[in-house]
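Q: The structure that follows is given in the form of structure tokens.
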Amino acid sequence: MSAGTPALDPIKAWLAARPPLTRAQKFDRLAFTFCKMGTVGLIAWLVTPPLFVLAVALVAIGLYGKAATLGITRSQCVLRRPLLIMGFWAAIAAADGYWLLFLR
């Protein structure tokens, strides 16, 4: 490298080379964040307030629903399919709601 050429930042170069995310991909990324939060809540169910799991499940269902309507057919989540993920979190929300209302 010559003294007059600034070093190219590899992270900036990598970010510039990536194509921009579509709206559906943005919703999928946000929904995946809530999926991870809900999973952590499930693992720590005994220490975490069950209301948190219910709230996160409902937000994840809404965000995956939006991503699915915008065209996402495959997600980063372990279950991969948005409708399957929404069904899983709906079952968790129903079980948590039942537990909060009748068993607590």
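The values are calculated or read from the model by the stated rules, or taken from the named source; none is laboratory data. This structure is a prediction, so every number in the text was calculated from the model and none was measured. A quick note on method: Cβ atoms are made from the backbone with ideal geometry, for glycine too, and the neighbour counts reach across all protein chains shown. Please note that ligands, DNA and RNA were not included when accessible areas were found on the heavy atoms of the full protein model with its side chains. Shrake-Rupley method; radii C 1.70, N 1.55, O 1.52, S 1.80 Å.
Q: Kindly report, to the nearest 10 Å², the accessible surface of Leu101 as traced by a 1.4 Å probe over protein heavy atoms only.
A: 140 Å²
Q: Let me ask something else. Equivalent ellipsoid semi-axes for the chain, as square roots of 5 times the alpha carbon gyration tensor eigenvalues: give them largest first, rounded to whole Å.
A: On the way: eigenvalues 297, 60, 15 Å².
They are 39, 17, 9 Å, listed from largest to smallest.
Q: Full-extension gain between Leu51 and Arg29, please, as 0.36 nm times their residue separation minus the C-alpha to C-alpha distance.
A: Working: separation 22, 0.36 × 22 = 7.92 nm, distance 2.33 nm.
Result: 5.6 nm gained on full extension.
Q: Which whole-number value in Å² is the accessible area per residue of region 16-104, probe 1.4 Å?
A: Here the per-residue accessible area is 64 Å².
Q: Between Ala44 and Arg18, what is the label-point separation in nm under the 7 Å Cα-to-beta-carbon projection?
A: The answer from the label model is 2.6 nm.
Q: If you don't mind, there's one more thing I want to ask. What is the distance, in nm, between label points placed 7 Å from the Cα along the Cα-to-Cβ direction at Ala90 and at Val78?
A: 2.1 nm
Q: Compute the acute angle (0 to 90°) between the alpha-carbon long axis of helix 82-98 and the principal axis of greatest extent of the alpha-carbon atoms of the chain; round to the nearest 10°.
A: 40 degrees
Q: What residues have an amide H closer than 5 Å to that of Arg81, excluding those fewer than 5 places away on the same chain, when H is modeled at 1.01 Å from N in the peptide plane?
A: Ser75
Q: Counting helices only, and only those DSSP H runs with n ≥ 4, report the 222 nm mean residue ellipticity of the chain as the sum of -39,500 (n - 2.57) divided by its residues, in deg cm²/dmol to the nearest 500. Spell out each step's value before the answer.
A: Working: 4 runs with 66 residues, N = 104.
-21000 deg cm²/dmol, from helical runs alone.
Q: With the full set of protein chains in place, find how many percent of the accessible area of region 25-104 is carbon and sulfur; take the probe as 1.4 Å.
A: Working: 3470 of 4920 Å².
Solvent-exposed carbon and sulfur of region 25-104 make up 71 percent of the total.
Q: Treating the angle as unsigned and between 0 and 90°, give the value, to the nearest 10°, between the Cα long axis of helix 50-69 and the longest Cα principal axis of the chain.
A: 60 degrees
Q: Ignoring everything but the protein chains, give the 1.4 Å probe accessible area of Leu79 in square angstrom, nearest 10.
A: 70 Å²
Q: Give the relative contact order (percent, whole number) for region 7-104; include only Cα pairs under 8 Å separated by 6+ residues. Don't skip to the answer; put the middle values down first.
A: Details: 93 pairs, mean separation 29.4, N = 98.
Relative contact order, region 7-104: 30 percent.
Q: Between helix 23-43 and the chain, what is the angle of the helix's C-alpha long axis to the longest principal axis, kept within 0 to 90° and rounded to the nearest 10?
A: The answer is roughly 50 degrees.
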